[in-house]
Every structure is written in structure tokens, then in C-alpha cells.
Amino acid sequence: MRHISGAWHRTAAGAGLIGSDGTIHPTIFAEMSALAARTGAINLGQGFPDEDGPAAVLEAAREAIASGANQYPPGRGIPALREAIAAHQRRFYDLRPDPDTDVLVTAGATEALAATLLALVDGPDDEVVVFEPHYDAYAALVALAGARLVTVPLRWPDFQPDLEELAAAVSDRTRVILVNDPHNPTGTVFAAGVRDEIVRLADRHDAIIVTDEVYEHLVFGDRHVPIATLPGAAGRTLSISSAGKTFSTTGWKIGWVTGPADLVDAVLAVKQFLTYVNGSPFQPAIAVGLGLDDGFFAGAASALRHKRDVLGDGLRAAGFAVSTPAGSYFSVADAAAVGAVDAHAFCRELPDRAGVVAVPLTAFTSPQRRSEYATLVRFAACKRVDVLEEASRRLSALA
Ligand code: PMP
Ligand code: GLN
């Protein structure tokens, strides 16, 4: 293999994202989806739905292609989508971003996160505080931006942060507090006191809050509360979301950032050299989706809640201890009782033992904290009910 090196490699190797010899690993999701394809196991690993989303959204994309929306869209996104995003923020949260200056369409939440971090952090003296376990892209993007990752642990089974540990992690070196709520991989929804403390600390240390709210509509209890709605937060918060989860269009990669115009401009400055623009026929289709009636959004949450319960019952019957997620696609199970010692090894063996694929929580944690999550496994509930029932039947072989 050609020798590849550089700051990204050094930081990424330190974060355990690539081998210390520079070997580039596939992401955990790619690894586990390939394992499912190879073995024919049911894929409860990578979080993507196995059913299409609303017909009106799919039809709008077909129409857009047929009517010629196939060239570069405007850099910030087409006006109809920016207006639909602004109207969505107003309708659900009483936030009032200006669609011309405070909204940017991105290639999924992933590009929004990448462009935001590259825009806001500037080298190894800048720290980004994240909650751990965290979505795999966070550590990779912080490494790519050359900044330092500071983590606050979320512990089984409720995965709420300890407020003292949170306060200890934030300092004047903190440029960004990156909050994923509802949370992947744990399915937790942060308590109100946690959100308040994040805003207090950001204000005290003049940090920017970046929120990843891709599961905003997939909550099973009270309505989602964006941090930007808290007193004093809007002026220092960039809110990121994505159409992928809400409309079951994960492959379309339509995401967005909303927030103060100067911060959005900074993100746009980077985005224009990452993808320049993206997804022209999908943009009008997602504008249609964001305008669907309240029944659609409530229905998406209640269907997933039922799936969470089916999966949770199946896992418990198979002998796992299961946390009860309040949102997201995911449930976390402790596999110690079914023989797991190393969650990654357990997940590699699970297709043979039970014909199911899941992902280890250790893939979402830093090497130093891995032992705390050694027997925890994430299962995706965003699959058809009959698929979850069949997975439960297969997993009962472990009991
Ligand atoms: N953040 C979180 C927490 C996610 O779970 C995902 C899902 N893939 C993303 C970001 C990326 O979203 P997108 O596919 O829109 O880039
Ligand atoms: N967000 C999805 C998950 O957590 C995966 C997306 C990806 O493969 N990058 O499973």
C-alpha cells in the first residue's frame, strides 16, 4: 500500500479511526452492511429504512427530473426548499429564520457537519465538545478540521450526561459544543436541565452550539425541543437537520443548516468548495415533504415507536437487557447476558449465531473509554415490523 500520512492521519490514528499503520478501515456501517450482504443476515446494523417514504415526495422528485430540474441549483439551495425549511422551523418550533440569509441546503447532515466544523474550528488549540458515544462522523470530522475532541460520557442505561462532567469539559478553549439530540447511537433525548446547562456553558465560554437534530421528528414522548429555542441560544446556535430520516430518503442526501446569517455564511463558504451544490431534483421534493400535514409527522413517530417496542420485546425475550430509547432509529442492548465480552467480536459472530447484524457501541467511543461500552450493541428499529419479528425469532436462539 502506498504510504499516506499527514495531520489528518496522525489525528485520526490517535482517535482510533484508522490503524496506526495508516490502514483505512471502512466505517462500522459499511463493514456491518457488507457482513449482512455476505451472510444473508437481517441488517439491523446500518440505520436506514426498508420501506419508501411518502408517495407525494417520491412523485415530486420524479416530476422534477421530468421537468428539467437536473442542473446546478443555487448555492444556498432552491428558494422553494429554503422557504419550506424556514416555514417548518416556524410551524414546529416558532423559530423564524430568514430563508434568504439564515438557511443553507447541504448534501445531507454529514456535509452540514463537515462544513460547519471546517468553518468554525481552527487547529489544535480549538476544542470541540461532544457527547460519547457519538455518531462516527464526529470524531472523523473533528480530526479532519485539525481540532481537539473533548468528550462527555453518556452512561448506560439512561445515557444522560452528568452536569458536572459536562461543565468540566467546557472551557475557554471550547469553540463548539456539538449536540446530537435525539441521540445516535443511544436513542436518548436530553433532559431539559441538560439543554439549559449547554446554553449556560456556551454563553459563559463564548462557544458556538452546533445541534444535530436529524431525528427531530422521530421522538416517542414530548415534542422535540431545539436548543435554538432556549433563551439566549439562537444567536450562537447552528441547527442541522436532514430529510433522510423524516422522509425515509437517506440516499438523497438533502440536509440543511439554519442559524444566524454570519455563521451560515461561514458554512456556505466551505460548502461551496466541498460539493458546491447538491441534489437539484430532490430539493423541490423535500419542500413538498416539509409541507405535509401534521398527521404525517405524528404518524412517522408513532410507527417507529411501535417498531421500537417490537424490537425491544424481541431483544428482552432473547435475554438482552434493553434501554428504552425516547427517540431515533435505535435501541441499545446489553449483550453480556448472551455471552458478549467484546461487542465488536459479538457483532461479527451474530450472523452465524442468529442470522442478524447489529453494531457495537464501541464503534462510537474513543479508545480510552471503550471498556465502559464493551458489551453494548445498537440495533436499528427502522425496519418493517415483519422483519423485526423475524429478527426477534432468530435472536431467541441466543436465549
Ligand atoms: N447525524 C446523525 C446523528 C445521524 O444518525 C446521521 C445518519 N446517517 C447523520 C448525521 C447523517 O445524515 P445524512 O445522511 O443526512 O448526511
Ligand atoms: N446514520 C446511519 C447509522 O447511524 C448510517 C449512515 C452511514 O452509514 N454513514 O446507522
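The values are calculated or read from the model by the stated rules, or taken from the named source; none is laboratory data. This is a predicted model, so every value here is computed, not measured. Neighbour counts run over all protein chains shown; Cβ positions are idealised from the backbone, glycine included. For the accessible areas, the whole protein counts, side chains as well, though only heavy atoms, and no ligand, DNA or RNA atoms are used. Shrake-Rupley method; radii C 1.70, N 1.55, O 1.52, S 1.80 Å.
Do you know which residues across the range 204-225 are within 16 Å of ligand 1 (Cβ to nearest atom) and either in a strand (DSSP E or B) or crowded, with 24+ Cβ neighbours inside 10 Å (or both)? Please lay out each step first, then the result.
Start the filter on the range 204-225 by keeping residues that are within 16 Å of ligand 1 (Cβ to nearest atom), which leaves 209-219, 224.
The answer is 209, 210, 211, 212, 214, 215, 216, 218, 219.
Residues checked against (1) open to solvent by 50 Å² or more (accessible area, probe 1.4 Å); (2) more than 20 Å from residue 327 (Cβ to Cβ); (3) in contact (Cβ under 8 Å) with a residue 60 or more places away in the chain; (4) not in a loop (DSSP other than H, G, I, E, B):
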{"site": "151", "(1), (2), (3), (4)": "no, yes, yes, yes"}
{"site": "177", "(1), (2), (3), (4)": "no, no, no, yes"}
{"site": "193", "(1), (2), (3), (4)": "no, no, no, yes"}
{"site": "196", "(1), (2), (3), (4)": "yes, no, no, yes"}
{"site": "202", "(1), (2), (3), (4)": "no, yes, no, yes"}
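Being buried (at least 21 other Cβ atoms within 10 Å of the Cβ) and touching a Cys at 6+ places or on another chain (Cβ under 7 Å) holds for only one residue in 304, 311, 290, 315, and it is 304.
Test residue 240 against the stated conditions and say whether it is within 16 Å of ligand 2 (Cβ to nearest atom), buried (at least 20 other Cβ atoms within 10 Å of the Cβ) and not small (Gly, Ala, Ser). So residue 240 fits the description; yes.
Residues in the range 50-83 that are surrounded by fewer than 20 Cβ atoms within 10 Å (Cβ to Cβ) and within 16 Å of ligand 1 (Cβ to nearest atom): 50 alone. If you go through the range 249-259 and keep only what is open to solvent by less than 40 Å² (accessible area, probe 1.4 Å) and either within 18 Å of residue 278 (Cβ to Cβ) or of a type in the set (Ser, Thr, Tyr) (or both), you end up with 249, 254, 255, 256, 257, 258. Candidates in the range 77-103 are the residues that are of a type in the set (Gly, Ala, Ser) and not in a loop (DSSP other than H, G, I, E, B); of these, the one that is farthest from residue 241 (Cα to Cα) is 80.
Somewhere in the range 69-81, is a residue without any contact (Cβ under 8 Å) to a residue 60 or more places away in the chain and over 20 Å from the mean Cα position of the chain (by Cα)? Yes - at least one qualifying residue is present in the range 69-81. All of 145, 137, 119 fail the test of being under 19 Å from residue 273 (Cβ atoms) and within 15 Å of ligand 1 (Cβ to nearest atom), apart from 137.
Are any of the residues in the range 112-135 touching a His at 6+ places or on another chain (Cβ under 9 Å) and either modelled with pLDDT under 95 or open to solvent by 20 Å² or more (accessible area, probe 1.4 Å) (or both)? Don't jump to the end; show me each part of the working.
Within the range 112-135, the subset touching a His at 6+ places or on another chain (Cβ under 9 Å) is 131, 133-135.
Now drop any that are not either modelled with pLDDT under 95 or open to solvent by 20 Å² or more (accessible area, probe 1.4 Å) (or both), which leaves 135.
Yes, the range 112-135 contains a residue that is touching a His at 6+ places or on another chain (Cβ under 9 Å) and either modelled with pLDDT under 95 or open to solvent by 20 Å² or more (accessible area, probe 1.4 Å) (or both).
Among the residues of the range 368-397, the ones that are in a helix (DSSP H, G or I) and open to solvent by 10 Å² or more (accessible area, probe 1.4 Å) come to 15 in all. The single residue among 330, 296, 320 that is within 30 Å of residue 225 (Cα to Cα) and either within 16 Å of ligand 2 (Cβ to nearest atom) or in contact with a helix residue (DSSP H, G or I) (Cβ under 7 Å, 6 or more places away or on another chain) (or both) turns out to be 330. Pairs please, first residue from the range 206-226 and over 17 Å from residue 169 (Cα atoms), second anywhere and of a type in the set (Val, Ile, Thr) and in a loop (DSSP other than H, G, I, E, B), Cβ atoms under 7 Å, 6+ apart in sequence or on different chains. Within 7 Å, the pairs are 219/189. When residue 169 is tested against (1) of a type in the set (A, V, I, L, M); (2) under 21 Å from the mean Cα position of the chain (by Cα); (3) farther than 15 Å from residue 226 by Cβ; (4) away from ligand 1 (no atom under 16 Å from the Cβ), just one condition goes unmet, and that condition is (2). Among the residues of the range 67-118, write down those that are of a type in the set (Lys, Arg) and more than 22 Å from residue 292 (Cα to Cα). Of everything in the range 67-118, just one residue is of a type in the set (Lys, Arg) and more than 22 Å from residue 292 (Cα to Cα), namely 76.
For the structure I just gave you, tell me whether residue 107 is within 14 Å of ligand 1 (Cβ to nearest atom) and crowded, with 16+ Cβ neighbours inside 10 Å. Don't jump to the end; show me each part of the working.
Working: within 14 Å of ligand 1 (Cβ to nearest atom): yes; crowded, with 16+ Cβ neighbours inside 10 Å: yes.
Against the criterion (within 14 Å of ligand 1 (Cβ to nearest atom) and crowded, with 16+ Cβ neighbours inside 10 Å), residue 107 qualifies.
Given the residues 257, 219, 214, which is the only one that is under 27 Å from residue 60 (Cα atoms) and within 16 Å of ligand 2 (Cβ to nearest atom)? Walk me through how you get there before you give the answer.
Numbers: 257 fails: within 16 Å of ligand 2 (Cβ to nearest atom); 219 fails: within 16 Å of ligand 2 (Cβ to nearest atom).
Of the residues listed, the single one that is under 27 Å from residue 60 (Cα atoms) and within 16 Å of ligand 2 (Cβ to nearest atom) is 214.
With the requirement that a residue be of a type in the set (Val, Ile, Thr) and surrounded by 24 or more Cβ atoms within 10 Å (Cβ to Cβ), what does the range 318-361 give you? I'd like the intermediate steps shown before the answer.
Residues of the range 318-361 of a type in the set (Val, Ile, Thr): 322, 324, 332, 338, 341, 356-357, 359.
The answer is 332, 356, 357, 359.
Selection over the range 17-42 of residues that are within 21 Å of residue 345 (Cα to Cα), open to solvent by 30 Å² or more (accessible area, probe 1.4 Å) and either modelled with pLDDT of 80 or more or over 18 Å from the mean Cα position of the chain (by Cα) (or both) gives a count of 13. For the condition touching a Leu at 6+ places or on another chain (Cβ under 8 Å) and under 19 Å from residue 180 (Cβ atoms), residue 113 qualifies.
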